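Comments concern the structure below.
The values are calculated or read from the model by the stated rules, or taken from the named source; none is laboratory data. Please read these numbers as outputs of a predicted model, since none were measured by experiment. Note that each Cβ is placed from the backbone with ideal geometry, even for glycine, and that neighbours are counted across all protein chains shown. For accessibility, only protein heavy atoms count, side chains too; no ligands or nucleic acids. Shrake-Rupley method; radii C 1.70, N 1.55, O 1.52, S 1.80 Å.
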Amino acid sequence: MSGLKVEERTDRLVVTLDRPEKRNAIDADLIAELHAVCAELEARPRLLLLTGGTEGIFAGGADIAQLRERGRLDALAAINQAAFARIRALPMPTVAAVDGPALGGGAELAYACDLRVCTARAVFGQPEVRLGILAGAGATHRLPALIGEARAKELLFTGRRVDADEALRIGLVNRVVAEPAELLACAHGLLDEMAKGSALALRLTKLAVDAPPTAHPHLDLLSQAVLFEDDEKHRRMTDFLERRRAR
């Protein structure tokens, strides 16, 4: 892949945006590569760590030169939106590790992940209205879900940027690290904690949390019924009881 670096680990993929000369701008080729990553994770579900590395840039947004030339049919094709929706719907949890600016489509890519960690120099923003368009790849619905309607509207209407401290305070990110060198360790630490659980329980928990309100409680009951019959549940509970008896 030319725009992404992909590292395979036993329980996760580590995907790094790799267009430093373009500030990791999201173009059509990069979107195609993200679709390929999604296809792999749909076929063989694993955790995902998505990052721009620790070089001071996550993604500076869409490639404006390409975006300027797109017409109404391109907008209706949902080029970025479809890829980000596919990331959001991946079977297993995803973490975005953000260093430096995540702007426009870059911010929307981070919002598509389940959790976000960032460095102290991270910045999030939706400048689309200042370019004569709207944030059409997920921010209009994901941002209100993350930080509330009023805050989201302010950011979408004004294009104001949010620094790391504010992002943590309003719930846009889960963790902030002081130094860029700590970022990937922090993200992997979160994924390591997830990996201690049952993969099937983790997958069904994500499915339940992301389901529309009308799916509850039926989805929860069905998911729990599946898990109650799973060998992994019996093994884990047996191990727990034996450890308690040993104490």
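Points worth noting:
- Residue in region 50-62 that is closer than 22 Å to residue 210 by Cα, open to solvent by less than 20 Å² (accessible area, probe 1.4 Å), within 15 Å of the chain's Cα centre (by Cα) and touching a residue at least 24 places away in the same chain (Cβ under 8 Å) present: yes
- Total residues in region 225-243 satisfying the condition of being of a type outside the set (Ser, Thr, Tyr) and open to solvent by less than 90 Å² (accessible area, probe 1.4 Å): the figure is 9.
- Residue 215 surrounded by 10 or more Cβ atoms within 10 Å (Cβ to Cβ), in contact with a Leu (Cβ under 6 Å, 6 or more places away or on another chain) and at negative phi: no
- Residue in region 46-60 that is in a helix (DSSP H, G or I) and at negative phi present: no
- Residue 200 satisfies every condition listed in (1) touching a helix residue (DSSP H, G or I) at 6+ places or on another chain (Cβ under 8 Å); (2) under 30 Å from residue 57 (Cβ atoms) except (2).
- Residue within region 209-216 that is closer than 15 Å to residue 95 by Cα and in a helix (DSSP H, G or I) present: no
- Every pair of residues 6+ apart whose Cβ atoms lie under 6 Å, when the first sits in region 144-170 and is within 11 Å of residue 124 (Cα to Cα) while the second is of a type in the set (S, T, N, Q) and at pLDDT 95 or above: 155/126
- Criterion: within 30 Å of residue 163 (Cβ to Cβ) and surrounded by fewer than 21 Cβ atoms within 10 Å (Cβ to Cβ) - qualifying residue of 45, 20: 20
- Hits in region 134-176 - residues which are closer than 22 Å to residue 83 by Cβ and hydroxyl-bearing (Ser, Thr, Tyr): 140
- All positions within region 10-45 that are modelled with pLDDT under 95, assigned to a loop (DSSP other than H, G, I, E, B) and either in contact with a helix residue (DSSP H, G or I) (Cβ under 6 Å, 6 or more places away or on another chain) or not β-branched (Val, Ile, Thr) (or both): 18, 19, 23, 24, 25, 27
- Out of 161, 116, sole residue that is in contact with a strand residue (DSSP E or B) (Cβ under 8 Å, 6 or more places away or on another chain), modelled with pLDDT of 95 or more and either among the hydrophobic types (A, V, I, L, M, F, W, C) or under 24 Å from residue 203 (Cα atoms) (or both): 116
- Output for region 178-201, where each listed residue is surrounded by fewer than 17 Cβ atoms within 10 Å (Cβ to Cβ) and in contact with an Asp or Glu (Cβ under 7 Å, 6 or more places away or on another chain): 198, 200
- Lone unmet requirement of (1) free of Cβ contacts under 8 Å to residues at least 40 places away in the same chain; (2) in contact with a helix residue (DSSP H, G or I) (Cβ under 9 Å, 6 or more places away or on another chain) for residue 193: (2)
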